[in-house]
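Visitor: Take a look at the following structure, please.
The values are calculated or read from the model by the stated rules, or taken from the named source; none is laboratory data. Quick caveat, the model's predicted, so the values are computed rather than measured. Don't worry about glycine lacking a Cβ; one is built from the backbone with ideal geometry, like all the others, and counts go over all protein chains shown. Side chains are part of the model used for accessible areas, which takes the heavy atoms of the whole protein and leaves out ligands, DNA and RNA. Shrake-Rupley method; radii C 1.70, N 1.55, O 1.52, S 1.80 Å.
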Amino acid sequence: QVQLVESGGGLVQPGGSLRLSCAASETIFSISRMEWYRQAPGKQRELVATIIGNSRTNYADSVKGRFTISRDNAKNTVYLQMNSLKSEDTAVYYCYAGSPSRSWGQGTQVTVSS
């Protein structure tokens, strides 16, 4: 299994931006599907964004137009650019690597508050 480490979380004011990174321990070239999930306190984990291959992307309705997922296979890294952040975006954000790895990172906390 590929090991995943998220970073880039923190405290940001409403309307601000953050970029999350998900660094893999080995190549992700053969892993077509990479995803970001999030889990807010008392809520179930939800899918935020998916990237398939290098360019096919999908987003939850709640983040469309504000979040952008991308990947750099040369750096074994997946990114989540988050703009126009809202208080309801507060959650722990997790990176997920699809088949054949099917592995999760440990998560990074994002808190949106004034």
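Visitor: Relative to the Cα centre, what is the charge dipole magnitude of the chain, using +1 at the beta carbon of each Lys and Arg, -1 at the beta carbon of each Asp and Glu, and rounding to the nearest 20 debye?
Guide: The calculation lands at about 140 debye.
Visitor: While we're here: If you build a Gaussian network model of the chain, linking Cα atoms that sit under 10 Å apart, which residue out of GLY53, GLY98, GLY65 swings the most?
Guide: The residue with the greatest mean-square fluctuation here is GLY65.
Visitor: Let me ask you something else. Picking from ASP61, ASP72, ASP89, which is most flexible by a Gaussian network model of the chain using Cα springs under 10 Å?
Guide: Residue with maximal mean-square fluctuation among ASP61, ASP72, ASP89: ASP61.
Visitor: Here's something else I'd like to know. Quick check for you: with a 1.4 Å probe and neighbouring chains kept, what is the accessible area per residue of the chain, in Å²?
Guide: 53 Å²
Visitor: Which residue fluctuates most in the GNM of the chain (Cα springs below 10 Å): LYS86, LYS64, LYS43?
Guide: LYS43
Visitor: Something else now. Specify which residue in the list VAL12, PHE29, GLN44 is farthest towards the positive end of the charge dipole of the chain, using unit charges on the beta carbon of Lys, Arg (+1) and Asp, Glu (-1), about the Cα centre.
Guide: About the Cα centre, the residue reaching furthest to the positive side is PHE29.
Visitor: Okay, next question. Please work out the Cα convex hull volume for the chain and give it in Å³ per residue.
Guide: Cα-based convex hull of the chain, divided per residue, equals 87 Å³.
Visitor: Shifting gears a bit: Heavy atoms only, probe 1.4 Å: what % of the accessible area of the chain goes to carbon and sulfur, would you let me know?
Guide: For the chain, the apolar C and S fraction of the accessible surface comes to 46 percent.
Visitor: Defining a contact as two alpha carbons under 8 Å apart and six or more residues distant in sequence, what relative contact order in percent does the range 16-114 show?
Guide: Once normalised by length, the contact order is 33 percent.
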